[in-house]
Each structure stands twice: as C-alpha cells, then as structure tokens.
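The values are calculated or read from the model by the stated rules, or taken from the named source; none is laboratory data. Quick caveat: nothing in here was measured; it's all calculated off a predicted structure. Neighbour counts run over all protein chains shown; Cβ positions are idealised from the backbone, glycine included.
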Amino acid sequence: MLGGAVCVECFRDFAQMGRFTLRDEGKTIAVGKIVKILPSISSD
C-alpha cells in the first residue's frame, strides 16, 4: 500500500518515469511499463 502520491508518466513520453517495480517483503513480484494514464477522479 502506498503512503502518498506517486509521480508517473507514460513510457513512450518519458521512459525513466514510465517503468515500475512491485515488491513485497523484499522480493520483486512484478515489473512493467506504463502505457496509459487514466484521468484521476477527485473527491472534492
């Protein structure tokens, strides 16, 4: 679970910010590329 906001970009626009790694208890469980960013839903 994330404790706050995370900055990301689409891989095609900014490769360094378009990759992610999921880790659980010190083990890598997934890696991937961000191909689409959905608009956020604000709860204002």
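In the set (1) surrounded by 10 or more Cβ atoms within 10 Å (Cβ to Cβ); (2) modelled with pLDDT under 95, ILE41 fails one condition alone, (1).
Within the stretch 22-37, the residues that satisfy the criterion of being surrounded by 10 or more Cβ atoms within 10 Å (Cβ to Cβ), out of contact with any helix residue (DSSP H, G or I) (no Cβ under 9 Å at 6 or more places or on another chain) and hydrophobic (A, V, I, L, M, F, W, C) are LEU22, VAL31, ILE37. So, PHE11, is that one in a loop (DSSP other than H, G, I, E, B), aromatic (Phe, Trp, Tyr) and on the phi < 0 side of the Ramachandran plot or not? Taking the combined requirement at face value, the residue satisfies it.
The C-beta contact set for the stretch 19-31 (first residue of a type in the set (Val, Ile, Thr), second residue surrounded by 10 or more Cβ atoms within 10 Å (Cβ to Cβ) and modelled with pLDDT of 95 or more, distance under 8 angstrom, 6+ apart or interchain) comprises THR21/VAL31; VAL31/ARG19.
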